[in-house]
Each structure stands twice: as C-alpha cells, then as structure tokens.
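The structure under discussion appears below in the form of structure tokens.
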Amino acid sequence: MLGCKAMPDFVVALLTATAFCLAVIALNALTRLAIQWHLAPHDLAENGFVQYGGALALARVAQSRIPARRLPQ
C-alpha cells in the first residue's frame, strides 16, 4: 500500500508549476522595485535570465520537498 502521504504525479507537476509562476511574478516585482529605487542597474530587465533562473531554482526546491508517489516493487 502506498500510504496517505503519496501524491499523484500530476499534483506534483501542478504544484511545481504554481511555484514557478509565483516565483517569476515575485522576482519581477522585486526587480521593478530595485530599478525604481536605483538599487539595480537599468540593464537588469524584467522577465530576464535572473528572474527565470531564480524561479526555476525555487520550483526545483518546491518539487523536491513534495512527497512523490513511489511505485511498489
């Protein structure tokens, strides 16, 4: 028996995608504030490599913390 803590794969994928989207939105907002407050260079743009890289890293951390379903052997 799998137990009650296992999640289906589509739920894990959905939570990971949600974490990615929320991280992109939050990092874009922080970038916009940093540019307006002159804390970041003007070349740092929204939806850039820094935002997507940071969002991917946060989504990977979220995915690794979600208990995944294990196949019985």
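The values are calculated or read from the model by the stated rules, or taken from the named source; none is laboratory data. Computed from a predicted structure; not experimentally measured. As a convention, Cβ positions derive from the backbone with ideal geometry for all residues, glycine included, and neighbour counts pool all protein chains shown.
Listed here are the residues, each with its yes/no results for (1) among the aromatic types (F, W, Y); (2) surrounded by fewer than 15 Cβ atoms within 10 Å (Cβ to Cβ); (3) at pLDDT 90 or above.
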{"position": "D9", "(1), (2), (3)": "no, yes, no"}
{"position": "V12", "(1), (2), (3)": "no, no, no"}
{"position": "L22", "(1), (2), (3)": "no, yes, yes"}
{"position": "I25", "(1), (2), (3)": "no, yes, yes"}
{"position": "N28", "(1), (2), (3)": "no, no, yes"}
{"position": "L33", "(1), (2), (3)": "no, yes, yes"}
{"position": "A40", "(1), (2), (3)": "no, no, no"}
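Quick one: would you say R60 is within 26 Å of L15 (Cα to Cα), modelled with pLDDT under 85 and of a type outside the set (A, V, I, L, M, F, W, C)? Answer is no for this residue.
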